[in-house]
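Asker: Can you keep this structure in mind? I'll have questions shortly.
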Amino acid sequence: MRAARTSSRRAMELGVQSTMSFSSEIKHELCKVENRKLCCLKAECYGIWLFSKCFSLKNSAYVTEHGDVARRMSELAAAAAGVQVEMSFAVSRRKKPAYRVELVDDASREQLLQSFGHTGREPSLRINRGNFEGDCCVQAFLRGAFLACGTATDPNKEYHLEFSVPYRNLAREFCTLLEETEAFPAAPAVAERKSSYVVYLKDSGQIEDLLTYLGASAASMELMQVKMYKEAKNNINRKTNFETANMDKTYSASARQTAAIAVISDTVGIGSLPEELQQLARLRLENPEMTLRELGEVLKISRSGVNHRLQRLLQLGEKIAGEKGIENIM
């Protein structure tokens, strides 16, 4: 722990970028989850190492930008498998942190594998469900898997959570495990990406449920708040577009009515119209922007009454225009 704290201080001194992404926030929160049962501690250790790409007899290392994850990985290996892990720190050219976790000797790697029922000589790496004593262990295992290979996109941009799995069969079995988890409904998909396989979710509700299940309730709440904001914004936009369309429709109808009345005025004259149509014709010419309701309030008649009279004026104007060969009426 002292070495880990020293590494964190070094990162600050060297000016490492500290702004956390949404994925980093999730992992930071998950690393605070306490495993109250030994079986869960072992299951989380199994998940984080199985998906680390260095769960083998070969000398390999897991590199991450998340100091919390590196420390969690080291502590779990010591507590659940009794192996000592070497952790080192460096800074990339882009001033990004790089925590390196590895088992430096063959005996430690073999001991870690055997702790979870593996030999390192299997033709295909699979999930050993014998490491799960109950549903709580599946929960801890999935949490470990996300810490090792999970990422989530900023919900302000899009809804996307994924696990980057190194092997095809392991990805398929992991996808099946997610589908079978009764605590939350999930329908993950699998896609091949370069040298790995991606198990992903794009449904915001499923991502919320998974984050809550793993123990990242604050991140889940943040996603829900972003979702609510987006929905409210979309509702406002839809309402605005609807009102704009209605306004366009109103102005278009008013323009046709005004043009028809102008034809009547220029030919037979407004005075030739019945009294109730004369009043409305003059009012519409003087106030082309008024709605049917507003016209009705001035004339003390209903909206439907205004519409009926305007239709009579429109029909009359179009008839006259047709007889006179007038083409510029809408």
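Asker: Taking 7 Å along the Cα-to-C-beta vector as the label spot, tell me the Asp266-Glu75 distance in nanometres, rounded to one decimal.
Answerer: Using points 7 Å along Cα→Cβ, the separation is 8.6 nm.
Asker: Follow-up question, since we're still on this one. Report the residue, chosen from Ser204, Ser254, Ser115, that carries the largest GNM mean-square fluctuation when the chain is represented by alpha-carbon nodes joined by springs under 10 Å.
Answerer: It is Ser254.
Asker: If I stretch the segment between Glu323 and Asn156 completely, what's the gain in nm (0.36 nm per residue apart, minus their alpha carbon distance), one decimal?
Answerer: 54.1 nm
Asker: Please give the peptides 116-124, 316-324 ranked by average Cβ packing (other Cβ atoms within 10 Å per residue), highest first, as a rough proxy for protection.
Answerer: Working: 116-124: 12.2, 316-324: 15.9.
Going from most to least packed, we get 316-324, 116-124.
Asker: Still on this structure, please answer the following. On a full-extension model of 0.36 nm per residue, what is the gain between Asn128 and Glu182, subtracting their alpha-carbon distance, rounded to one decimal in nm? Let's see the in-between values first.
Answerer: Details: separation 54, 0.36 × 54 = 19.44 nm, distance 1.91 nm.
Answer, rounded to one decimal: 17.5 nm.
Asker: Under 17 Å Cα-Cα from Lys227, which lysines qualify once same-chain neighbours fewer than 8 residues away are excluded?
Answerer: Cα-Cα hits under 17 Å: Lys157, Lys202.
Asker: Of Thr267, Thr181, Thr212, which is the most mobile in a GNM of the chain whose springs link Cα atoms less than 10 angstrom apart?
Answerer: Looking only at Thr267, Thr181, Thr212, the largest GNM fluctuation is found for Thr267.
Asker: With the crude spin-label approximation of a point 7 Å out along Cα→Cβ, what separation in nm comes out for Asp203 versus Arg93?
Answerer: About 4.4 nm separates the two model spin labels.
Asker: Roughly how tilted is helix 67-76, in degrees to the nearest 10 and between 0 and 90, from the longest Cα axis of the chain?
Answerer: 40
Asker: Still on this model: For the chain, what does -39500 (n - 2.57) per DSSP helix run (n ≥ 4), summed and divided by total residues, give at 222 nm, in deg cm²/dmol to the nearest 500? Can you show the working numbers first?
Answerer: Numbers: 12 runs with 185 residues, N = 330.
Result for the chain, helices only: -18500 deg cm²/dmol.
Asker: With log10 I(q)/I(0) by the Debye sum over Cα atoms at q = 0.07 Å⁻¹ defined as stated, name the option among (1) -0.49; (2) -0.27; (3) -0.34 computed from the structure displayed.
Answerer: Step by step, log10 I(q)/I(0) by the Debye sum over Cα atoms at q = 0.07 Å⁻¹ for this structure corresponds to label (1).
Asker: If a/c stays under 1.5 just call it rounded; otherwise compare a/b with b/c (prolate if a/b is bigger, oblate if not). Do that for region 46-178, with a ≥ b ≥ c from the square roots of the Cα gyration tensor eigenvalues.
Answerer: Values: a/c = 1.69, a/b = 1.07, b/c = 1.58.
In terms of gyration-tensor shape, oblate.
Asker: On to the next question. Counting other Cβ atoms within 10 Å, which trypsin sites (Lys or Arg not before Pro) in region 161-207 have at most 11 and lie in a DSSP loop? Please report the intermediate quantities before stating the final value.
Answerer: Working: sites: Arg168, Arg172, Arg193, Lys194, Lys202; in loops: Lys194, Lys202.
Of the trypsin sites (Lys or Arg not before Pro), the ones in loops of region 161-207 whose Cβ has at most 11 other Cβ atoms within 10 Å are Lys194.
Rule-based calculations on the coordinates, nothing more; no lab input. Everything quoted here is computed from the prediction, not taken from an experiment. Backbone-built Cβ (ideal geometry, glycine too); neighbour counts: all protein chains shown.
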